[in-house]
Amino acid sequence: MQAGNSPHHQQIEDLYADHHSWLQRWLHGKLGDAFDAADIAQDTFVRVLAAPDSTPEKQRDWALTEPRAYLTLVAKRLMANLYRRRTLEKAYLDALALMPQAQAMSPEQQRIILETLQEIDALLDNLPSQVRAAFLLAQVDGLGYLEIAQRLALSERTVKRYMVQAMAHCIVVLP
């Protein structure tokens, strides 16, 4: 152990040394792209460092009993986020391609809108899928509760409850 390192830091260093290359190879096999695999592997260890159980007051007993299972779980969630971001970006770019040239936006405007869409997606990420769908149909598509209920095969009362849940979530999450 290097001078000045806590036992916790040594555990994290050991976890990284023992499993980083394995995780990166596993991700490369799943993603088929070495750069994405390297990014997600690195992000996985950043998440491990930021995990609540790794905070200084809990460092004393910090250790993973199944490190590869835990790293795989974190990496799978990060891959899902990557796929969702790419799907969102593709849908946005497809919509832009359909716009008449006179209405086309500057690259800067496109970037700002795409970043905003990604922020909204992250904001709504923790909502159940039906709640998120109802919220987006109301806010993006401008549908009324009855139309949303019909489209999602729900009762209008459930749609109202979902909208309250989504709005409350947004209020809590927004700074």
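The values are calculated or read from the model by the stated rules, or taken from the named source; none is laboratory data. This is a predicted model, so every value here is computed, not measured. Cβ placement follows ideal geometry from the backbone for every residue including glycine, while neighbour counts extend to all protein chains displayed. Remember, those area values only see protein heavy atoms, side chains included, never the ligands or the DNA or RNA. Shrake-Rupley method; radii C 1.70, N 1.55, O 1.52, S 1.80 Å.
A few points about this structure:
- Screening the stretch 56-109 for residues that are of a type in the set (Ser, Thr, Tyr) and open to solvent by 80 Å² or more (accessible area, probe 1.4 Å) and picking the one that is modelled with the lowest pLDDT gives Thr65.
- Taken as a whole, the condition of being open to solvent by 60 Å² or more (accessible area, probe 1.4 Å) and either at pLDDT below 80 or among the acidic types (Asp, Glu) (or both) does not apply to Ala17.
- For the stretch 154-161, the condition of being more than 17 Å from Val172 (Cβ to Cβ) and either touching a Cys at 6+ places or on another chain (Cβ under 6 Å) or not in a helix (DSSP H, G or I) (or both) holds for at least one residue.
- Leu127 fulfils the conditions (1) open to solvent by 80 Å² or more (accessible area, probe 1.4 Å); (2) touching a residue at least 40 places away in the same chain (Cβ under 8 Å); (3) more than 11 Å from the chain's Cα centre (by Cα) except for a single criterion, (1).
- If the condition is being open to solvent by 80 Å² or more (accessible area, probe 1.4 Å) and not in a helix (DSSP H, G or I), then the stretch 130-153 contributes Val140, Asp141, Ala153.
- Within the stretch 130-170, the set of residues being of a type in the set (A, V, I, L, M), under 19 Å from Leu88 (Cβ atoms) and in contact (Cβ under 8 Å) with a residue 12 or more places away in the chain comprises Val131, Ala133, Ala134, Leu136, Leu137, Ala138, Ala166.
- Leu117 at pLDDT 80 or above and surrounded by 15 or more Cβ atoms within 10 Å (Cβ to Cβ): no
- Sole exception among (1) outside any helix (DSSP H, G or I); (2) farther than 30 Å from Asp36 by Cβ for Asn126, by number: (2)
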